[in-house]
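Q: One structure, pasted below without further comment.
Bear in mind that the values in this text are calculations on the coordinates, not laboratory data. The shown structure was predicted, so the numbers you read here are calculated from the model rather than taken from an experiment. So basically every Cβ, Gly included, is an ideal-geometry build from the backbone, and we count neighbours across all protein chains shown.
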Amino acid sequence: MRTVNAAYRAEYGPAYHETMADLRDPRLWALPALRPYRIGDSAEDRRWLALGLPPRSVVGSDRKHLNALGNTLVAHGLHRHLTGAAGLV
């Protein structure tokens, strides 16, 4: 996956948006709407993060797709990418 992301980043430059970075970003986990879910706090979340994966708590029960928390993180991350850091305010 890293090789594919690097290739897209090289091809698209600043237009490229890496959603994995959003899923692993503690600043996004701390947004008011997401803070109550304590993303990244559990032992399972930390284990997945150590493996280079998104936190377990943002992945669906099938362990292949994002759940609502993961989709929310990606939406906020994309908004931030499109609008700049002001998207976190």
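Q: Enumerate the amide H contacts of residue 66 below 5 Å, restricted to partners 5 or more residues apart or on another chain; note that Pro and chain-start residues carry no placed amide H.
A: 60
Q: What label, among (1) 1.50; (2) 1.23; (3) 1.10, belongs to Cα Rg over 2.2 N^0.38 Å computed from the structure on display?
A: Identified label for the calculated read-out: (3).
Q: Same structure, new question: If the chain between residue 27 and residue 41 were fully stretched, how many nm would it gain, using 0.36 nm times the residue separation less the Cα-Cα distance?
A: Using 0.36 nm per residue and subtracting the Cα-Cα distance, I get 3.7 nm.
Q: If I take every Cα pair under 8 Å that is 6 or more residues apart in the chain, average their sequence separation and divide by the length, what percent do I get for the relative contact order?
A: 25 percent
Q: Evaluate E = 1/(1 + (r/R0)^6) for residue 62 and residue 1, where r is the Cβ-Cβ distance and R0 equals 22 Å; express this FRET efficiency to the nearest 0.05.
A: Approximately 0.75, to the nearest 0.05.
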